[in-house]
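Down below is the structure, laid out as structure tokens.
The values are calculated or read from the model by the stated rules, or taken from the named source; none is laboratory data. Everything numeric here is computed off the predicted structure, so don't read it as measured data. Cβ coordinates were reconstructed from backbone atoms using ideal geometry, including for glycine residues, and neighbour counts include every protein chain displayed.
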Protein chains: 2
Amino acid sequence: MLLPTDAVRAAYAALARYDDPALFLALKPEVQAIEEAATLEAQGSQGRPLFGMVVAVKDNIDVAGLPTTAACPAFSHIPDRSAEAVSKLEAAGAIVMGKTNLDQFATGLVGVRSPYGVPRNALRADLIPGGSSSGSAVAVAAGIVDAALGTDTAGSGRVPAGLNGIVGLKPSLGLISSIGMVPACRTLDTISVFARDVETARKVTETLAGFDPRDGFSRHLPAPMPCGFPPTLRVGVPMDAQRQFFGDVLSEVAYSRDLETLADRGATLVPIDFEPFHAVARLLYDGPWVAERYATVKPLIENDPDALHPVTRSIIGGARHHDAVSAFEAFYKLADYRAALAPILSAVDVLAVPTVTRFYTLAELEDEPVRYNSNLGAYTNFVNLLDMAAISVPVGKRSDGLPSSLTLIGPAGSDGYLAGLASGLEKGRSAGPVRGCPGHIELAVVG
Amino acid sequence: MLLPTDAVRAAYAALARYDDPALFLALKPEVQAIEEAATLEAQGSQGRPLFGMVVAVKDNIDVAGLPTTAACPAFSHIPDRSAEAVSKLEAAGAIVMGKTNLDQFATGLVGVRSPYGVPRNALRADLIPGGSSSGSAVAVAAGIVDAALGTDTAGSGRVPAGLNGIVGLKPSLGLISSIGMVPACRTLDTISVFARDVETARKVTETLAGFDPRDGFSRHLPAPMPCGFPPTLRVGVPMDAQRQFFGDVLSEVAYSRDLETLADRGATLVPIDFEPFHAVARLLYDGPWVAERYATVKPLIENDPDALHPVTRSIIGGARHHDAVSAFEAFYKLADYRAALAPILSAVDVLAVPTVTRFYTLAELEDEPVRYNSNLGAYTNFVNLLDMAAISVPVGKRSDGLPSSLTLIGPAGSDGYLAGLASGLEKGRSAGPVRGCPGHIELAVVG
């Protein structure tokens, strides 16, 4: 393992090599980062779980002394205090390198909705990086940082992981404090974690987990414990006829093969009716939750609308059409979908879906900035509305060399269980449990 | 115990003696009720827990073949199927006598907002009966039926119990199926139970409890088990300076004495800051939840507004001022209050508050139909918003002979525990456990 000072130097060198001015929106001066690392080094590890790890933080999460912009210059301010999650990272021995680019106000799954440019996809320069946690995913995938914080409301912690071939852990809602995070939809948001391997993502998540009495949406949940690949596993997958890839045949083929990998590990694939999940996903786009985004940017969108990215402004402005009555009607619909899904979910242990339906190019996105964004969320949008946890993990490669990733989805509190399964699948590794598994977890949607 | 046919005859005779045309909005013909009773009688009890019990049902809960009006003639329709709760009552051997009057669409705590007149308070004719479950509470208090179903969103299952000197059990949200109930606020509603003693209320509630997959707000909760009065009990009570009785000195004196009764039983009274609870209560009145009521009556209020009671129309019409943004902002406020209340609640086992702040007369209500209604909800409105269970139980008498009732409040799932405590307090009975108590229940607001 590198010494902290060497790790920091390597990170800044890798950043220089990657040479992407759209990646970081604020960078800690290298001398300051090295100074922090030297202090850590002098103290020694003292058992700190993230000792010497270099991390990046999505720029909708506060880091004391660095500006928080949420990719909106007019929103920029310099917080006095770091977000609770950032404080925990640092207390665990990690060194924050800087703040990463994102789809403005975390609204988008594409990574191109930022006035600061588009972070370059780490795998192929003509592809979108995915979002909204674009910079965080790319910084990890490019080997600059060991791990990065993102956020996830509709898929922002999973889609860019899939598009850059890394691991994205989308924790249970309320597992990680959101104090010091710019909300997107407070009732659906969570901070998320990117890493190049499952064990790192799990370890960082475990470090961040914990009830925070100051956060009204914090919950008492088990911290993600390590867990293995159980001998029997029932995996819910969309029925053949319902699978959506929007014309990306290579992704479709890769998904089928990734499911075979699951079956080879002993899992039983259970085709289920995915239409109710897609209906929940549509509810997120058509429903009142966009009003939560409006609540965050209210002063800005009402007094200085031109300060917003035009696509973002148009999406968030749509909140004006929702009144409280239609909001509650949507909640009732969601409750009915949850009830309808309960028996479907009780028949399986986890779901396994493709993370990314299609690898879109930057050029394609220019033609259809909203519709293709929706397509990217087909297998991510329903997860937070159903109060579930998820992890995206690269499982294989498509014939064109791009990675194919599965997202494993389980009920709130199953984070560690999911990480254990993902660990048994990642990147062509041979199967085998990480450590002992506490056993079967009943999959049930919490009401 | 009376034979079922004798019980039915006694109920109809008591109704005739009470002679109140505003009590029942629909009555099952006596011959039909006797026929049902005779069938039961011929079958014998067969262990049915409510065998031969005569019950009334609030007229916002469906009984097959009787009109459901919700106290609005234009809303009247005759359902083919009974509500799930009513079916369970009947399957347990109870006989439904009819449908009782209520504040229109269960909007009100006063019992006077009905075009069908005002049920007469069973204790003093010049007093309001309380609402919204006015008829159900009076039918029980007047000795006509053994138990009655009400509903409770803001206090409708507790306030009329207090004003008529009976027991009102307000179950945990999601404990009893609401299939077949006209919603008030679907996210906050529950069917509730009135009886003249705690054990009957508990037994009926236990019969009705159970997860219903068709109800999106149904939950897996323990059915109310019988439970006693534990040797040590920490009871949260409002600090002296914060107690609200709106000038009703006798209620104030009686509340202090009822708390002494609690202390005599060995409970430790813990004065707590009640302002956050009152703030939550205000949120219910000022917040977006009124939009849930609007959703129920939308076709009516938009196409035939005169069909609504003028006070009801004015209250529900207020929903038009709430947009989805302000709705979510209220949810955030509520989440913050919950977080602020968590440490306060973790220091006690239950709360004990007055059920009724003041006994209002019919004449007083005419002057201030809305403000006095709010006053009545001071100790009830916050309970459902905080996802708590409650039971109102008469504990003593005021110097003018009217009953004084305490409401005991605990977390979701504590229904049986609360019933056990109430049983140890009711109507001057000497203390003593009902049966064994499963032990200490941690009081924590569920997020």
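Within the group B:308, B:351, which residue is crowded, with 22+ Cβ neighbours inside 10 Å, touching a strand residue (DSSP E or B) at 6+ places or on another chain (Cβ under 9 Å) and more than 12 Å from chain A (Cβ to nearest Cβ)?
Just a single option satisfies the conditions, and that option is B:351.
Filter region A:89-120 down to the residues that are small (Gly, Ala, Ser) and touching a strand residue (DSSP E or B) at 6+ places or on another chain (Cβ under 9 Å), then identify the one that is surrounded by the most Cβ atoms within 10 Å (Cβ to Cβ).
That would be A:106.
Does residue B:323 qualify as being touching a strand residue (DSSP E or B) at 6+ places or on another chain (Cβ under 6 Å) and either within 9 Å of chain A (Cβ to nearest Cβ) or surrounded by fewer than 20 Cβ atoms within 10 Å (Cβ to Cβ) (or both)?
yes
Given (1) in contact with a helix residue (DSSP H, G or I) (Cβ under 8 Å, 6 or more places away or on another chain); (2) at positive phi, identify the lone condition not met by residue B:166.
Going through (1) in contact with a helix residue (DSSP H, G or I) (Cβ under 8 Å, 6 or more places away or on another chain); (2) at positive phi one by one, residue B:166 breaks only (2).
Name the residue, out of B:24, B:105, that is closer than 22 Å to residue B:151 by Cα and touching a Phe, Trp or Tyr at 6+ places or on another chain (Cβ under 9 Å).
The match here is B:105.
Condition check ((1) within 14 Å of another protein chain (Cβ to nearest Cβ); (2) under 20 Å from the mean Cα position of the chain (by Cα); (3) buried (at least 23 other Cβ atoms within 10 Å of the Cβ)) across all residues:
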position	(1), (2), (3)
B:344	yes, no, no
B:356	no, yes, yes
B:362	no, no, no
B:379	no, yes, yes
B:387	yes, yes, no
B:390	no, yes, yes
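Out of B:291, B:281, report the one residue that is buried (at least 20 other Cβ atoms within 10 Å of the Cβ), within 30 Å of residue B:115 (Cβ to Cβ) and at the interface with chain A (Cβ under 8 Å from one of its Cβ atoms).
Going through B:291, B:281 in turn, the sole match is B:291.
Working only within region A:25-79, note down all residues that are more than 28 Å from the chain's Cα centre (by Cα) and either outside any loop (DSSP other than H, G, I, E, B) or polar (S, T, N, Q) (or both).
A:31, A:32, A:34, A:35, A:38, A:39, A:40, A:41, A:42, A:43, A:45, A:46
Mind checking which residues of region B:12-24 are touching a residue at least 60 places away in the same chain (Cβ under 8 Å) and part of a helix (DSSP H, G or I)?
Correct list: B:12, B:14, B:15, B:18.
Using the structure shown, decide if residue B:136 is in contact with a strand residue (DSSP E or B) (Cβ under 8 Å, 6 or more places away or on another chain) and within 30 Å of residue B:334 (Cα to Cα).
no
Among B:400, B:415, B:387, which is the only one that is over 24 Å from residue B:154 (Cβ atoms), charged (D, E, K, R) and at pLDDT 95 or above?
B:400
Test residue A:426 against the criterion of being more than 21 Å from the chain's Cα centre (by Cα), of a type in the set (Asp, Glu) and modelled with pLDDT under 95, and give yes or no.
no
Taking the conditions exactly as written (at the interface with another protein chain (Cβ under 9 Å from one of its Cβ atoms), aromatic (Phe, Trp, Tyr) and without any contact (Cβ under 8 Å) to a residue 60 or more places away in the chain), does residue B:337 satisfy them or not?
So residue B:337 does not fit the description; no.
Looking at region B:322-376, which of its residues are modelled with pLDDT of 95 or more and basic (Lys, Arg)?
B:333, B:358
Over 28 Å from residue B:221 (Cβ atoms) and aliphatic (A, V, I, L, M): is that true of residue B:144 in this structure?
Yes; evaluated as a whole, the condition is true for this residue.
Each row is one residue, and each column tells you yes or no for (1) among the basic types (Lys, Arg); (2) touching a Leu at 6+ places or on another chain (Cβ under 6 Å); (3) assigned to a helix (DSSP H, G or I); (4) free of Cβ contacts under 8 Å to residues at least 12 places away in the same chain.
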position	(1), (2), (3), (4)
B:251	no, no, yes, no
B:257	yes, no, yes, no
B:270	no, no, no, no
B:279	no, no, yes, no
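List pairs: first in region B:301-328 and at negative phi, second acidic (Asp, Glu), Cβ under 7 Å, 6+ apart or cross-chain?
The qualifying pairs are B:322/A:323; B:323/A:323; B:324/A:323; B:328/A:292.
Determine the pairs where a residue that is over 23 Å from residue B:313 (Cβ atoms), located within region B:343-372, has a partner that is among the basic types (Lys, Arg) with Cβ atoms under 6 Å apart, the partner being 6 or more residues away or on another chain.
Taking only residues 6 or more apart or on different chains, the pairs are B:348/B:234; B:349/B:234; B:355/B:158.
Do we have any residue at all in region A:286-300 that's hydroxyl-bearing (Ser, Thr, Tyr), more than 16 Å from residue A:388 (Cα to Cα) and in contact (Cβ under 8 Å) with a residue 40 or more places away in the chain?
The answer is yes; a qualifying residue exists.
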